[in-house]
Every structure is written in structure tokens, then in C-alpha cells.
Amino acid sequence: MSAQQTILSLGEVELAELERKYERRRELAGHRAGPLFSVLAQELTDEETVALKFLYANMPICDLADHDGELFLTHIRQALATRQTAPWGAGVPDRLFLYYVLPMRINTENLEDYQAILHRELAARTSGLTMAEAILETNYWCHEKATYIGSDLRTLSPLGMLRNARGRCGEESTLAVAALRSIGIPARQCYTPRWAHCDDNHAWVEAWADGQWHYIGACEPEAVLDEGWFSAPARRAMLVHTRVPSGYVGPEPVTVADQWHTELNLLDLYAPVRTLRVTVLDAAGAPVADAEVQFQLYNYAELFPLATIRTDARGEASFRTGYGDLIVRAVRDGYWDEQSVAADVQELTLALRRTGQPEGTATFDMTPPPERPGEPREPLAEEQLARHRERVAEGERLRQAYEASFLGESQARDLAEDLALPPERVWPVLETARGNARELAAFLRERSPQHGLWPLRLLETLHPKDLTDTARGTLDDYLQGGLRWLEGAVSESAMSGPAGSESGPQRSAMSGPAGSESGPQQSAMSAASGGGDDSPDASMQAEEERWLRYVLCPRVHFEMLAPYKAELMAAFSPEEVEAFRASPSLVAERLARDWTITREPLHMQGKATPLGTFRLRAADRLSVDILLVALLRSLGVAARLHPATQHPEYWQDGQWRAARASSTDGAGHSDTDLTEGNGTVLDEADLTGVSGDDRESCEEAAAGVPVREDTGRSVREDTGVAGVGVSQRGTLRLVRRETAGEDAGKSRGESGPELAYRDNFSFGRLEDGFYRTLQYPFGEKDVYDRPFELEPGNYRLITGVRLQGGEVLGRFYYFRIAPGQETVLTPELRQPALTYPALGTADGQSVLHRWDETGADARLGELAGSQGAVVAWIDPRREPSRHLLRESGELRAEYEATGLPLLLIVPEGEESARFDPEAHPDLPDVALLLRDPDGAAQRMMLERAHPGETSHPYLYVVDGELAVRYAQSGYKPGSVREALHVLQAVRN
């Protein structure tokens, strides 16, 4: 190939840069050179060669670790072939093809050979359409295949979404982008990393048609482009962006660009934009180059960095953002400065004079961009709307028909009886597995006759999403790799019967492999989960749970589950295995010596599987820590990532111990061209579409701790964080105001809402000039019961109260943790001086039908009663209403404690046709599901007290006299709690 050639519109300079980056990846992936790069020795066209090298040059290290060149070659050949056959293929510029059609990775999903499968589904279906029509048609297809549900942070692949038929918005948009690219349409996943007006974020899709980018809500089709339920929230956004490999040149403003990746700022398409220019000076007033400047936004009770930009030689950094408040912080060489920035500010100067952190407390206020009306659009013809509604309903029917093919409860019960397994445990596993249930059933059928309950118990350790896409071969590896340390115990145990069986001893010792005396003998544990009169004591139960969660369970973080235990064990001699089990820290020393730690700012940062990292001998810090934990578990040693710091630990002598000496790299083994970050930071792509109980699952999983496990706060057990011994740690105790003796006469009820982690407070440790939020479970409320055990250092605790308009009243508490000492804080939430004037009067005569009583009707006034009610009209088909339903379930205890009614109303018609109340078993007992005949009650309420937006859900608070005291519509997480607080306030 001549260097003078132009291939895919890449000239000589660009091809040379591509070659340089490709060679860099070859060097990094030297231990896997054969599987990865041997495909280049095949007979390839110049286009195929450049396309393949483009993928390699911009490939995150996890893909170099986990996948082979044949997968990538198949992918690029399919993309190039589609370009030749698609009606619009010749009209897509080379640059857009390279960056928005050719790439295989979209998010952090597992890579699979999906393109040909999706192309077969969509090519004929879209062949006679324009590009714009094909985008809409593809989204109807996505709607037929999948719908929204909140879930954990691991991203399902497009094929995983087809199997599961549901996923969070980050997964819906991954499927939609893959589908569009499979027919040659440029597409990109974009997202707002955090909303300014509420605690959440969102991902959607932009697709290119005939010279212009348009947006769609993935798997949520509309009749036209550039419309979605999130349109109104996006008009209040402070940032909407996407990430692409470096080298992209387009019309979009750039937030950050370096040799590896580019972040494009897409906010102009959605909201009014200002450019905030920051100048950073030193103490003498001279410009500071290469200072890190963070533009921070309050969300989930932390200051989240929307963007981190380094200053140029003039000490300047610019950020295009919306018209809301920010906190801007600059750091360089231990010096820092920060200021709150109001919406009307466009220039700011920061002087780096301060070190350490302030003392005491400080308050801050933040105001989001205001609500804005959208651009007027021509109304659609009724015929077009009717056709759209018919397409949406048909998509629901098709998807539900597929879901009806999943294994049912009777089949699960038959399987359980055949295998002598407890049916009440088998069915929840298979029900959760959805389209993967038959794979898991086959695994149980193959392995339970020999291993009794252990195959089922292995499945029970997995996260719900893991059950939907984990294969039998992978499960076999985990089962055999775990049971090798229990062979003696299993042979003596009653493992063939259900829990509680009396067919054998209930306890047996855990030791090393059969016939081996290697490793310290572990505590005895039950061979069956629960059951019988011979239940272990609390200590034994804790040991059993620890073994299940931290030895048998393969999940460490959010890596894709793939086999690793057998190959990892085979890599070491019996003598090495014995030495590693006796001294687990030797494993960390081996990794520090022989593995390269990198931190590359690529456009996508997935986490490699343990085996991929092991084979490649190079990875980012977290992937190496995942490998370390996986290695220890393969050796029969309980190991995890610490729940808050996410540093690797192992269990020995009754306590958790640091698995590596510090968070720094082994000398001489870092890539000198790259930087490496300490610990784990969950970025906006990680948290997209995650909320409520799912957030709790995600954050605990991020720490390697399944839900319901201790969260690392017990002083008795959780001792030892990376590099920090027991005596070196300190504690933080949070005390209620009256407990601390201040204002003792003030009742708890008068002090406002209780503290709940990441709902209204969080705290972080000062590291390299910025505060890193500790990852305790979302919504945790037992924050006063036990002290938090922390590394020594400077910390900041944040409390925040969000008002109905999205404004935040916040407070900082600065404190220090000293070794062996306890710090006591009395954090409080700032209470606004609020009144709730009547916004209108509800029609008490509005007739509603009770959901569970055919023909029975009730009037709104009767349902609200003398104390009032929270009233919501919902469209269960749409994501905002599903957020509301889930949040109602999360607040079950709070609503039931008040006894105040929660009226959930679904208009008669398409909105209620396929709504299944049984799919929401966690709703409070005080919740009453109702139908609104012909939507008459909703129309009357909107006439009397319109909340502003014209989209579901419509949420109101009516008092005992039917005065409307609160009105909110559209997408606003947290509104169900907010409405309850308003009702309590007006009632009092």
C-alpha cells in the first residue's frame, strides 16, 4: 500500500498517524500478538487493511485482552459490504463511516459478532425507505425487541438485549446504535452525564441522515425524528456529549481532545449554551499551564465533574455548558482554588494559593437552567398518529409474545422436582434469567445429580443480569473451580436433597483440594443453604456466606463473566498454589512484578475479564485488581474489592487484609506514555440509566459485594484497606443533632428527612486535589448505627436538599480522619422556608375505576379522604412513568409509615391495555391502582392545575380539602419522595 494513496479519505499524514497508533497497540498486546494480529497476514484489500488497523489503533485494552482478530475481521468485512449494498451507502462520507459505522464497540458491552444478525433483520425491512424513514423504522424494530428496566452497571451486548428483551437506557441505546450501524447508517450514543434539575442521567441516540444529525429515544419510537420524552429535560441540560476516537474532525465543539480520544459537546442541539472561560493563576499572578479544571454539578449528593479540562499555556480552559450554576475547581501540584459560578457568568479567574482543605462548614446553593418551551412543530395528521400508535402497540404484542416463550413456573417446578431441588428457589433464578433460562436449566440438569445444591447456590450468587447471559461452559468452570476446595466436604454431605434434608450431615470442614494439605484449614460451613434444626451459629453462617460470595461467586466488579478458574489454576505449579494460599500477598507481588498497568483516556473504558488480563499481562489498574481478586478466589481464598475504596482485599485470620501494598504501580512496569489513576471512578457511562434499588445493587457490586452483604463499615470485621493496617485507620461517627446534645428539645420529626447515602448526603476523601466519593450503597439509612472505618486523610461530607424546581441547598462539612481516632460529625440538612400555596382545586367528583374490582368506581374526593393524597397519572409504557413506579416501591416503608394514600391512575386505552400490576409487587400497601375512563379525570385536573409539561407522569398533591399543593409532570426522579414530604407538610 503506497503512502501516497488516499484510502477511506485518509491522506498520507493521517495514515502515518494511524500506523503509529496501531504499532503502539501491537507493542502493548505483544503477549497476544498471534490471536490478535495474525489476520493481517491474510489476503486483504487496502480498505480492509486500513479499516482493521483503525479498529486496532483505537481499541481499548480490554478488547485486546478478550477478543481475537477473526472477530474484528468479520466485523469490518460486514461493515464494508453493507456500505456497498445499502441504498444510502455511497452517500455516507468516509469520515462518518470510519467513526460512526465501522466501530464495533459502542459502550462497555461484551463484544459479539452481532452485525450480520442485525443486518438480516433490518436490511430488507428498510431497503425501500429514505435514511430518515429507516432510522424511525429501525427504532420500531428495537421497540419490538426490548423495553426499559433499571438494572446494574454492566452493559448487555446487543444480542444480550435481544435475548433479555429489556435493559436500561444505556443498553437500549447500545442496541439502537448497533442496529443502525448494521444497515450502514452513522449513529452514536450520547448522554447527559448528570441532569442539573434532578438526580439522574440519561442516554439516547443520534443518527445521521442526509447531512444532518437527529436524535431518537432508543427503543421508544416516535412518529418523527427529534422527539422524545426527554426533550424537555434536555432543554435544561448542562452537558450532552459523546466520545469518539482521536482524529475525528467535524462541526461539533470539542470539550477534550488528546492523542487517543475526543469528547464532542452536543449541547447546542438541545439547549441554550454559554462558553465559560476559566483562567488559572499561581500565587504570584502568573498563568498556570496544565492545571486540572473540573466543572462540577450537584447530583446524587456529590459534586460530579461534568468535564475535566487542562489549562493551556496561557492558563486558560473553556467549557461550553448550559445556563445553570456550577462549582469550578482547579488543581495543580497540591495547590487549588474553587468558586461557585452563577448562570450569568462567562469568565472566571482562579488563583492557586490554597493547600489542604478548609476547616468547619460552608453552605452552597445551586440553581439549574430554567424550564424552556420547545420549538413549535407542525402537528401530525391524525392518520399518521393513529398509524404510529398502532405500530407501538404491535411492537408491544410482538415483544410480549417472545417473552411468553420463556420457561414458566410450572416447568421450573417440574425441573426442581426431577432434581430434588427446592422449587421456591429454582423458579426465581429461572424467572430472572428470562431468555437464558433454558441454558441455566440445562446446567442444573447436567450438574445437580452429582453436586446437589451447589449448582443452584452458584446461580444464586450471581447478579440478576448475569443470569440472563451466562453460558453453561462458564458456569461449569466456576462450579468446578470452587468445589475443588470442597471435594472432601461435598462427598460427605447431603447435597442431593433440598435444603433442610436429613439425609446426611449438615456441616463439613472446608479444606484444601482433595488429598492435599495445602493452605490453612477453613471454618466449617453448611453444605446446604439454611434449613433444618442444625442451622449453624451466627459465626458459622457468616463464614458460609463469605465463602459463597467471595470464593464460589465469580463476579468481582462489572466485567463480563467468562471462564477463568481452570486456566488460572493450571498456570501455577502445586508448590506455587500452596505458597499463594499460605501467603495471598504473594499473588499481588507477582502481578505487580509481571503485569503492566496502564491508564489510557480512550473513548470507551471497559473492564477486561480476569483471563483476558492474565493472558495479555497488561491492563488498567482496576482490571488488574479484578484479576487479583479472581486469582485469589480460584485459589480458594476469599477475596473482594473493598466496598468503599474498591481496593483488593483477602480474608485471613478473621479479618480483611490489603491484597496489595498501595495503589501505586510496580516500579518499571507502567507504560511511561500513559497515566494511571488510583482506585475506581464510576463515570457517567457507568451510571447511565441506573436508579433506586438498582443503584444500590450497582454500587455494592462495584465494591465486589452482593446486595445484603455488609458494606464495609463494621469495625469488628472490615479491617484493612490497601496499604492501611488496623491500628492505622480511624473512624467517622455520624450523630443526630439531639443525640449530640444540641437543641435537645427539637424532635426528630422536626429536623426534616433522615440522612440517606447518595440521596441527600455523601462524603469523599481528598486525593490529588479532588474529592473522591466513597461508594457506599445508594439510599443506605443506617448511617448512625455503626461508625464508618476510613483511611487517614482529609474528607468532605456534603448534604443537599433539592427543591421542586431543581434548586439545591447544600452544605459542606470538612473533617480529618486520624489513625486510631474517632471523628464525630452532626450533619444536618438545610431546611428551606417553604410554603405550599394552592395551585388550584381538584374535582372531587371525578370518577375513577378501581383496578381490581370490575365495574366498581370511586370518586377522587372519596379516595383522597380527609388527609389528602399523592395522585399520579402514569403511562406505564414510557420510561418516566416506570421510574415513578419503581421509586414508589423504593419508598414503600415511608409511605406505609404515614398511612397516606398514593393513587396511581392509568388512563383507559393504550396506556392500560397491557399494564400488569403484578409486575410491581413492591408498591406500598397504601397505593391504589385505578383506571381513568376516557382520561376524563386527567383532563379535568390538567385544566384546573396544569404542571407545565405535557407528558406523563402527572404528579399532584391534594390536601384534605382537595386544594392542589404540588404539581409536577414529565421526567423527574425523586418527585415521589418530594410529593410525600409536601403532603406531610401541608397536613401538619
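The values are calculated or read from the model by the stated rules, or taken from the named source; none is laboratory data. Since the model is a prediction, treat every value here as computed from it, not as a measurement. Here the Cβ positions follow ideal geometry from the backbone for every residue, glycine too, while neighbour counts run over all protein chains shown. Ligands, DNA and RNA are stripped out before the accessible areas are found, and what is left, the full protein with its side chains, is counted by its heavy atoms. Shrake-Rupley method; radii C 1.70, N 1.55, O 1.52, S 1.80 Å.
Mind listing just one residue for me: the one in region 197-215 that is assigned to a strand (DSSP E or B) and open to solvent by less than 10 Å² (accessible area, probe 1.4 Å) and, of those, farthest from Leu809 (Cα to Cα)?
Taking the candidates together, the pick is Ala209.
The condition of being under 28 Å from the mean Cα position of the chain (by Cα), open to solvent by 20 Å² or more (accessible area, probe 1.4 Å) and under 20 Å from Gly868 (Cα atoms) does not hold for Gln938.
Of the residues examined, Glu133 is not one that is over 14 Å from the mean Cα position of the chain (by Cα), crowded, with 21+ Cβ neighbours inside 10 Å and among the acidic types (Asp, Glu). Here region 418-468 is the region considered, the condition is being among the basic types (Lys, Arg) and open to solvent by 10 Å² or more (accessible area, probe 1.4 Å), and the residue that is nearest to Ile149 (Cα to Cα) is Lys465.
Listed here are the residues, each with its yes/no results for (1) more than 30 Å from Arg236 (Cα to Cα); (2) touching a Ser or Thr at 6+ places or on another chain (Cβ under 7 Å); (3) in contact (Cβ under 8 Å) with a residue 24 or more places away in the chain; (4) of a type in the set (A, V, I, L, M, F, W, C).
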{"residue": "Val783", "(1), (2), (3), (4)": "yes, no, yes, yes"}
{"residue": "Phe788", "(1), (2), (3), (4)": "yes, yes, yes, yes"}
{"residue": "Leu797", "(1), (2), (3), (4)": "no, no, yes, yes"}
{"residue": "Gln821", "(1), (2), (3), (4)": "yes, no, yes, no"}
{"residue": "Gly840", "(1), (2), (3), (4)": "no, no, yes, no"}
{"residue": "Asp843", "(1), (2), (3), (4)": "yes, no, yes, no"}
{"residue": "Val847", "(1), (2), (3), (4)": "yes, no, yes, yes"}
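One residue stands out among those in region 216-252 that are in a loop (DSSP other than H, G, I, E, B) and among the small types (Gly, Ala, Ser): the one that is farthest from Asn58 (Cα to Cα), which is Ala223. Answer yes or no as to whether Leu415 is open to solvent by less than 30 Å² (accessible area, probe 1.4 Å) and either within 30 Å of Ala271 (Cβ to Cβ) or assigned to a helix (DSSP H, G or I) (or both). Yes: the conditions hold for Leu415.
Which residue out of Phe580, Phe558 is among the aromatic types (Phe, Trp, Tyr) and part of a loop (DSSP other than H, G, I, E, B)?
That would be Phe558, the only listed residue that is among the aromatic types (Phe, Trp, Tyr) and part of a loop (DSSP other than H, G, I, E, B).
Residues in region 370-401 that are basic (Lys, Arg) and assigned to a loop (DSSP other than H, G, I, E, B) were compared, and the one that is least open to solvent (accessible area, probe 1.4 Å) is Arg372. Pairing each residue of region 932-950 that is modelled with pLDDT under 90 with any residue that is open to solvent by less than 40 Å² (accessible area, probe 1.4 Å) and part of a loop (DSSP other than H, G, I, E, B), provided the two are 6+ apart or on different chains, yields C-beta distances under 6 Å for Glu949/Gly970. Would you confirm, using the coordinates I've provided, whether Asp337 is in contact (Cβ under 8 Å) with a residue 60 or more places away in the chain and either touching a Leu at 6+ places or on another chain (Cβ under 6 Å) or open to solvent by 80 Å² or more (accessible area, probe 1.4 Å) (or both)? Considered against the rule, which asks whether it is in contact (Cβ under 8 Å) with a residue 60 or more places away in the chain and either touching a Leu at 6+ places or on another chain (Cβ under 6 Å) or open to solvent by 80 Å² or more (accessible area, probe 1.4 Å) (or both), Asp337 comes out as no. Only one entry in Arg163, Arg181 is among the basic types (Lys, Arg), touching a residue at least 60 places away in the same chain (Cβ under 8 Å) and surrounded by fewer than 23 Cβ atoms within 10 Å (Cβ to Cβ), namely Arg163.
Kindly provide the set of residues from region 422-477 that are among the charged types (D, E, K, R) and either over 28 Å from the mean Cα position of the chain (by Cα) or not in a helix (DSSP H, G or I) (or both), ordered by number.
We begin by selecting, within region 422-477, every residue among the charged types (D, E, K, R); these are 424-425, 431, 434, 438-439, 445-447, 457, 460, 465-466, 469, 472, 476-477.
Within region 422-477, Glu424, Arg445, Glu446, Arg447 qualify.
Please go through region 266-287 and pick out each residue that is more than 30 Å from Arg372 (Cα to Cα) and open to solvent by less than 20 Å² (accessible area, probe 1.4 Å).
Val280
Between Ser888, Ser866, Ser881, the distinction of being within 36 Å of the chain's Cα centre (by Cα) and closer than 20 Å to Ala985 by Cα belongs to Ser888 only.
Each residue in region 222-240 was checked for being touching a Leu at 6+ places or on another chain (Cβ under 8 Å) and either open to solvent by less than 10 Å² (accessible area, probe 1.4 Å) or among the small types (Gly, Ala, Ser) (or both), and 5 of them qualify. Given (1) free of Cβ contacts under 8 Å to residues at least 60 places away in the same chain; (2) surrounded by fewer than 14 Cβ atoms within 10 Å (Cβ to Cβ); (3) in contact with a Phe, Trp or Tyr (Cβ under 7 Å, 6 or more places away or on another chain), where does Val328 come up short, assuming only one miss? With respect to (1) free of Cβ contacts under 8 Å to residues at least 60 places away in the same chain; (2) surrounded by fewer than 14 Cβ atoms within 10 Å (Cβ to Cβ); (3) in contact with a Phe, Trp or Tyr (Cβ under 7 Å, 6 or more places away or on another chain), Val328 is out only on (2). In this structure, Ala566 does not satisfy being hydrophobic (A, V, I, L, M, F, W, C), in contact with a Phe, Trp or Tyr (Cβ under 8 Å, 6 or more places away or on another chain), under 22 Å from His31 (Cα atoms) and open to solvent by 30 Å² or more (accessible area, probe 1.4 Å).
Being farther than 14 Å from Ser888 by Cα, in contact (Cβ under 8 Å) with a residue 24 or more places away in the chain and touching a helix residue (DSSP H, G or I) at 6+ places or on another chain (Cβ under 9 Å) is a condition met by at least one residue of region 975-984.
Report yes if Glu263 is surrounded by 14 or more Cβ atoms within 10 Å (Cβ to Cβ), touching a Lys or Arg at 6+ places or on another chain (Cβ under 7 Å) and farther than 12 Å from Arg314 by Cα, otherwise no. For Glu263, the condition - surrounded by 14 or more Cβ atoms within 10 Å (Cβ to Cβ), touching a Lys or Arg at 6+ places or on another chain (Cβ under 7 Å) and farther than 12 Å from Arg314 by Cα - is met.
Filter region 953-980 down to residues that are under 36 Å from the mean Cα position of the chain (by Cα) and outside any strand (DSSP E or B), then give me how many there are. Residues meeting the conditions: 12. Comparison of Glu23, Glu48, Glu43 shows that the only residue that is of a type in the set (D, E, K, R), touching a Leu at 6+ places or on another chain (Cβ under 9 Å) and either surrounded by fewer than 12 Cβ atoms within 10 Å (Cβ to Cβ) or at pLDDT 95 or above (or both) is Glu48. Leu834 satisfies every condition listed in (1) open to solvent by 20 Å² or more (accessible area, probe 1.4 Å); (2) within 21 Å of Ala196 (Cβ to Cβ); (3) in a strand (DSSP E or B) except (3).
Being open to solvent by 20 Å² or more (accessible area, probe 1.4 Å) and not in a helix (DSSP H, G or I) is not true of Leu111. Counting residues in region 522-537 that are among the charged types (D, E, K, R), open to solvent by 10 Å² or more (accessible area, probe 1.4 Å), modelled with pLDDT of 95 or more and under 37 Å from the mean Cα position of the chain (by Cα) gives zero.
Checked against the criterion of being open to solvent by less than 20 Å² (accessible area, probe 1.4 Å) and free of Cβ contacts under 8 Å to residues at least 40 places away in the same chain, region 858-870 contains not a single residue that satisfies it.
The residues on offer are Pro369, Pro358, and the sole one that is closer than 22 Å to Pro253 by Cα and touching a Phe, Trp or Tyr at 6+ places or on another chain (Cβ under 7 Å) is Pro369.
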